[in-house]
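Bear in mind that the values in this text are calculations on the coordinates, not laboratory data. Keep in mind that this is a model prediction, so the values were computed, not measured. FYI the Cβ positions are ideal-geometry reconstructions off the backbone, even for glycines, and counts take in every protein chain you see.
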Amino acid sequence: MFDLLGVPPQVLFGQLLLGLINGSFYALLSLGLAVIFGMLNVINFAHGALYMIGAFVAWLLLTKLGLGYWWALGLSPLIVGLLGVALEKTMLSRLYKLDHLYGLLLTFGLALIMEGAFRHFYGVSGQPYPIPDALKGGQNLGFMFLPNYRGWVVVASLVICFGTWFAIERTRLGAYLRAATENPVLVQAFGINVPVMITATYGFGVALAGLAGVLAAPIYQVSPLMGTNLIIVVFAVVVIGGMGSILGAIVTGLGLGLLEGLTKVFYPEASNIVVFVVMAIVLLIKPAGLFGRER
Amino acid sequence: MPDGANVKTAMLEIRDLQAFYGESHVLHGVNIDVRQGEVVTLLGRNGAGKTTTMRSIMGIVGKRNGSIRFQGKELIGMAQHKIPRLGIGYVPEERGIFASLSVDENLMLPPVVKSGGMTVPQIYELFPNLQGRGSTQGTRLSGGEQQMLAIGRILRTGADLILLDEPTEGLAPVIIEQIGVAVRKLKQRGFTIVLVEQNFRFAATIADRHYVMEEGHVVDMIPNDQLAQNMDKLHTYLGV
């Protein structure tokens, strides 16, 4: 078979697919972070831990209650979202009048507690989660083999990302959210209950993380460390895309996943740091991020 | 016989209002009455407490005591987001047009709180400049158009008391004229309006009564028809 730039196409497309999968998770997670940051001005360091909990809830539903993947896909984001609502109501909401740093420190501490607790009970070796029957197998596309589950993850996250983008940028509810992000006092003075909106936004943002956790469970192992590994890259994605920009988070997440994949093909040594190199360059040239607005 | 029995009670009744921003005590016992259908202005120098009085009505100051009654309901202690739902519309000094929303989205943003609000075509009739600008980003409008949008979006909600904070600030005379025409039309439609103004000549063309504020108090109340006799006094108050 022909080669592309000296690389067999199976290798190239295989890595691109892997990049696209990673990019889907970056996009889902950075989207939630962007929504939360926009509304709450909190850098949610607990995001990776809540993603991990999303995956664990799916695993627990399966092993303890016998509820499979499709149940988990609905229930797990709901449970993680409610956990987020409880965290926001009882803790985060007390910090809004203080500096941003306090929100960051609180969520960082919460992340350590959550991860520590899961490590204590489940250890660090991952738990396997089976691919649902309906998505087993794969397609031979000629130039590469596409496992059905991976195709599903890419399509599902694209649908969720652009659905969220549409809801925020093109609907009435989204207009409230954007307005409250800009000037919460005035939106409140129009008769909208902004504190409830803030709580719901946090719940929604972390539910996205929980959903990403369920999608990830059959691909990566369900492990207490899965969030930590991912979240550092996701923060870099958010910085590159621009804090609080919805479209920026989605496009940058997917783009950087692909870039990582390409780097693995052409210069594997750099694949772990390429995202951070891009971050450094973007910060030098456009400190507000590629899609960010200067505040 | 209680002699107040046939006197129309005030729509808005402010008694001994104190307001604070953090440690600083801004309002020291403000008393104001606004009757249904009236246009009342708050005059005074910068820092006299006019804007703070409005913000106190909306519940968006740090802390407030005393009493603010709207149609008999006490606003102090009420949840912030419930106050506008009683039918009070607020047009802030900085206009508050949202940059991330289009003109249409800005116009449709405040929820309708009562029936009987103006329709979008009626708002366009009042402010023809806004027509056809729906998809423009809100803050791309000129200052005057932003002011019209800020007033227009409140008219949709059905609010019957409108708080207008310095609607003419920084606008060209021809635009001020247009805003004045619009406010007079609103008065004819039966809206009750509280207006903060530095531009006293503008205020004189539309108001029924003027409250003069100084250092967090109301120091005088001048009916518009007695304005001529009180000119000297007013000049002293306003330092013009």
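Data overview
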item: Inter-centroid distance (Cα atoms) of the range B:87-145 relative to the range A:122-150, Å; result: 51 Å
item: Max mean-square fluctuation residue, GNM over chain A, Cα-Cα springs under 10 Å, options A:L110, A:L173, A:L82; result: A:L173
item: B:N65 paired with A:W152, simple spin-label distance in nm, labels 7 Å along Cα-to-beta-carbon; result: 6.4 nm
item: For chain A, built as a Gaussian network whose Cα springs stay under 10 Å, the top-fluctuating residue of A:G38, A:G126, A:G241; result: A:G126
item: Computed FRET value (nearest 0.05) for B:T205 with B:Q36, which takes r as the C-beta separation and R₀ as 22 Å; result: 0.55
item: Nearest-0.05 FRET efficiency for A:F162 and A:Q221, computed from C-beta distance (R0 35 Å); result: 0.75
item: Relative contact order of the range A:1-157, pairs being alpha-carbon contacts under 8 Å that are 6 or more residues apart, as %; result: 30 percent
item: Reach of B:K73 by Cα under 24 Å, taken over lysines that are not fewer than 8 positions away in the same chain; result: B:K8, B:K50, B:K63, B:K82, B:K114, B:K187
item: Inter-probe distance in nm under a simple model that places probes 7 Å from Cα toward Cβ, at B:R189 and A:F276; result: 6.0 nm
item: Length added when fully stretched, A:K89-A:L262, from 0.36 nm per residue minus Cα-Cα; result: 58.0 nm
item: Virtual spin-label span in nm between A:K136 and A:Y122, 7 Å along Cα→Cβ; result: 2.3 nm
item: Extended-chain gain in nm, criterion 0.36 nm per residue less alpha-carbon gap, B:T9 and B:Q131; result: 40.0 nm
item: Degrees, to the nearest 10: B:173-188 long Cα axis against longest axis of chain B; result: 70 degrees
item: If the convex hull is drawn through the Cα atoms of the protein assembly as shown, its volume per residue in Å³; result: 203 Å³
item: Degrees separating the helix A:246-266 axis from the principal Cα axis of chain A, which is the longest one; result: 30 degrees
item: Qualifying aspartates and glutamates (Cα of each under 12 Å from Cα of A:K286; at least 8 residues distant if same chain); result: A:E294
item: Cβ neighbours within 10 Å from other chains - mean over A:174-187; result: 5
item: Rel. contact order, % - alpha carbon contacts under 8 angstrom, at least six apart, chain B; result: 27 percent
item: Residue order, fewest to most surrounding Cβ atoms within 10 angstrom, among B:E166, B:E94; result: B:E94, B:E166
item: Stokes-Einstein D for the range B:123-231, Kirkwood Rh over Cα pairs, 4 °C, 1.567 mPa s (µm²/s); result: 86 µm²/s
item: Angle between chain B longest axis and helix B:143-155 axis [Cα atoms, degrees, rounded to 10]; result: 80 degrees
item: GNM flexibility winner over chain B from B:G96, B:G44, B:G59 (Cα, springs under 10 Å); result: B:G96
